[in-house]
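The values are calculated or read from the model by the stated rules, or taken from the named source; none is laboratory data. The model shown is predicted, which means the values in this text are computed figures rather than measured ones. We place every Cβ from the backbone using ideal geometry, glycine too, and count neighbours over all the protein chains shown.
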Amino acid sequence: MIKITADFSLQDLNDIINDETESWFDELVDDYRRAGKQFVERAVAKATFNNITWNLRSSIGYLIMFEGKIVESYFKDLKDGTEGQEVGRDYAEFVARLVNDGVGLAMALVAGEEYAYFVEKKGKDVISGSYSFFETDLKSALQ
């Protein structure tokens, strides 16, 4: 009979598992972040509506939530439209909480100004065109 003695403790094993899990999670959030930023950059660049206040364009962004807590949000800093950024963040948090009941990872992609829907209905691209690329961008980032 061979006697084998581990040169590590159960706590050492738990620490390794926790470190690897955190590393994997950080990489996952980075992938979501990259795809989200691509979505925002594309939407802001190709928006086909006029800018009077810049609030609609600056309300385009994303929010990542994990276990009911905000991991990060991103709304592009434009020359004007700081009110749009605040409205966008608030709306993204509202949407993320609707789809995330405190379990798992969620991401909300939004145009936060309340009139964004009406601008889209008039045939202008606010985020719908950019959203169609998001799934492909995210799948590509996850590979």
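Can you tell me which residues in segment 93-135 are of a type in the set (S, T, N, Q) and either surrounded by fewer than 16 Cβ atoms within 10 Å (Cβ to Cβ) or under 17 Å from Leu56 (Cα atoms) (or both)?
Going through segment 93-135, the residues of a type in the set (S, T, N, Q) turn out to be 100, 128, 130, 132.
Listed by number, the residues that qualify are Ser128, Ser130, Ser132.
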- Query: Failed condition for Val44, given (1) free of Cβ contacts under 8 Å to residues at least 24 places away in the same chain; (2) closer than 19 Å to Ser132 by Cβ, with all others met?
  - Reply: (1)
- Message: For segment 67-80, check the following and say yes or no: at least one residue is surrounded by 15 or more Cβ atoms within 10 Å (Cβ to Cβ) and either assigned to a loop (DSSP other than H, G, I, E, B) or touching an Asp or Glu at 6+ places or on another chain (Cβ under 6 Å) (or both).
- Response: yes
- Message: The conditions are (1) more than 21 Å from Phe133 (Cα to Cα); (2) under 19 Å from the mean Cα position of the chain (by Cα); (3) at pLDDT below 90, and Lys76 fails exactly one of them. Which is it?
- Response: (1)
- Of the residues that sit in segment 50-65 and are among the polar types (S, T, N, Q) and surrounded by fewer than 21 Cβ atoms within 10 Å (Cβ to Cβ), which one is farthest from Lys79 (Cα to Cα)? Asn50
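Looking for whichever is under 25 Å from Ser132 (Cα atoms), within 11 Å of the chain's Cα centre (by Cα), part of a helix (DSSP H, G or I) and of a type outside the set (Val, Ile, Thr) here; the options are Ala35, Ala106. Which one fits? Can you show your working first?
Details: Ala106 fails: part of a helix (DSSP H, G or I).
Exactly one of Ala35, Ala106 is under 25 Å from Ser132 (Cα atoms), within 11 Å of the chain's Cα centre (by Cα), part of a helix (DSSP H, G or I) and of a type outside the set (Val, Ile, Thr), namely Ala35.
May I ask you to list the residues in segment 93-103 that are closer than 18 Å to Glu135 by Cβ and under 12 Å from the mean Cα position of the chain (by Cα)? Outline the logic, then answer.
Of segment 93-103, the ones closer than 18 Å to Glu135 by Cβ are 95-96, 99.
The answer is Val95, Ala96.
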- Residue count, segment 106-133, condition at pLDDT below 90 and under 24 Å from Asp26 (Cα atoms), comes to 2
